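See structure below.
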Amino acid sequence: MREEEKLARDVYQTLATQWQMQVFSNIADSEQTHMDQIKCLLDGYGLADFATEEVGSFNNEELQNLYQELITNGAVSLNDALRVGALVEEVDIRDLDATLNVTQVPEIRVVYENLRSGSEKHLQAFVGTLAQLGETYTSQILDEAAVDTILTPLTQPAVFDIDTQTLHIPALRLSQEGNLLPLEETYQLELHLNEDGSTLQVINLERIAQ
């Protein structure tokens, strides 16, 4: 699993350089955090770490071959690169689920559940960026219904509750200079509703440190 998280990091770093898209850089940083979390488990159990720091180099032959395939596919077009990112996250979710189904060790479950939550957010980020480019995403290896559930926040409409004067926004994505900001970040928005009630304007945006 540590090398699988490294696969994601290395693929995204490579695609970020090629396509100059912030979404790849942001998620690559997150994958490094995931690698570090797995390393803590390895150290805690006294297990050897076979992952190298060299980008694109893997001890696991299957992952080595997959890396070459992914960066080749991701070089075709930006849309293909984003689909590669989504595929990596689907693979991560599948493999994490397989482990979560067979282990009840608390510290392992905590880490793997955290990684799975991150993979869901990354999948949403890649699919959301594809949607901005006019492409509708379909699952690549996971069950379509499972992917639809993960992507549901991207399709639910905002609802303004008149009774409580509260705006419910299931999924709000922010972009800067054409790039979506990472889902892992938290922002505080101050909104102003115009006099006729037709438009909400952001009058203040502040990133909240995590």
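Please find, within the range 76-109, the residue that is nearest to the chain's Cα centre (by Cα) out of those that are buried (at least 17 other Cβ atoms within 10 Å of the Cβ) and acidic (Asp, Glu).
Ranking the candidates gives GLU89 first.
Any residue in the range 37-53 that is at pLDDT below 95, in contact with a Leu (Cβ under 8 Å, 6 or more places away or on another chain) and surrounded by 14 or more Cβ atoms within 10 Å (Cβ to Cβ)?
no
Condition (residue is buried (at least 20 other Cβ atoms within 10 Å of the Cβ) and either assigned by TED's automatic domain parsing to the domain that holds PHE50 or modelled with pLDDT of 95 or more (or both)) applied to the range 61-71: is it met by at least one residue?
Initial filter on the range 61-71 (buried (at least 20 other Cβ atoms within 10 Å of the Cβ)): 67, 70.
Checking the rest, the ones that are also either assigned by TED's automatic domain parsing to the domain that holds PHE50 or modelled with pLDDT of 95 or more (or both) come to 67, 70.
Within the range 61-71, one or more residues are buried (at least 20 other Cβ atoms within 10 Å of the Cβ) and either assigned by TED's automatic domain parsing to the domain that holds PHE50 or modelled with pLDDT of 95 or more (or both).
Going by the conditions given, is ILE38 of a type outside the set (Asp, Glu), touching a His at 6+ places or on another chain (Cβ under 7 Å) and within 18 Å of GLY118 (Cβ to Cβ)?
So ILE38 fails the test.
Taking MET35 and the conditions (1) under 14 Å from the mean Cα position of the chain (by Cα); (2) under 26 Å from ALA98 (Cβ atoms), which numbered condition does it fall short on, given that it satisfies the others?
(1)
Being free of Cβ contacts under 8 Å to residues at least 40 places away in the same chain and on the phi > 0 side of the Ramachandran plot is true for just one of GLN20, GLN32, GLN64. Which residue is that?
On the way: GLN32 fails: on the phi > 0 side of the Ramachandran plot; GLN64 fails: on the phi > 0 side of the Ramachandran plot.
Among GLN20, GLN32, GLN64, only GLN20 is free of Cβ contacts under 8 Å to residues at least 40 places away in the same chain and on the phi > 0 side of the Ramachandran plot.
Could you list, in sequence order, all residues of the range 130-146 that are out of contact with any Asp or Glu (no Cβ under 9 Å at 6 or more places or on another chain) and among the hydroxyl-bearing types (Ser, Thr, Tyr)?
THR136, TYR137
Which of the residues spanning the range 3-27 are surrounded by fewer than 19 Cβ atoms within 10 Å (Cβ to Cβ) and modelled with pLDDT under 95?
Correct list: GLN20, GLN22, SER25.
Return a yes/no flag: does the range 46-61 have any residue that is more than 19 Å from MET21 (Cα to Cα) and touching a residue at least 60 places away in the same chain (Cβ under 8 Å).
Of all residues in the range 46-61, those more than 19 Å from MET21 (Cα to Cα) come to 46-54, 56-61.
If we keep only those that are touching a residue at least 60 places away in the same chain (Cβ under 8 Å) as well, we get none.
The answer is no, given that none of the residues of the range 46-61 is more than 19 Å from MET21 (Cα to Cα) and touching a residue at least 60 places away in the same chain (Cβ under 8 Å).
List the number of the failed condition for GLY46; all other conditions in (1) on the phi > 0 side of the Ramachandran plot; (2) of a type in the set (Gly, Ala, Ser); (3) under 19 Å from the mean Cα position of the chain (by Cα) hold.
Here GLY46 meets the rest and fails (3).
Does the range 81-98 contain any residue that is without any contact (Cβ under 8 Å) to a residue 24 or more places away in the chain, over 21 Å from GLU113 (Cα atoms) and either in contact with a Gly (Cβ under 9 Å, 6 or more places away or on another chain) or among the β-branched types (Val, Ile, Thr) (or both)? Please lay out each step first, then the result.
First, the residues of the range 81-98 that are without any contact (Cβ under 8 Å) to a residue 24 or more places away in the chain: 97-98.
Now narrow it down to the ones that are over 21 Å from GLU113 (Cα atoms): none.
The answer is no; no qualifying residue exists.
The values are calculated or read from the model by the stated rules, or taken from the named source; none is laboratory data. For clarity, every value in this text was computed on a predicted model and none was experimentally measured. Cβ: placed from backbone, ideal geometry, glycine included. Neighbour counts: every protein chain shown.
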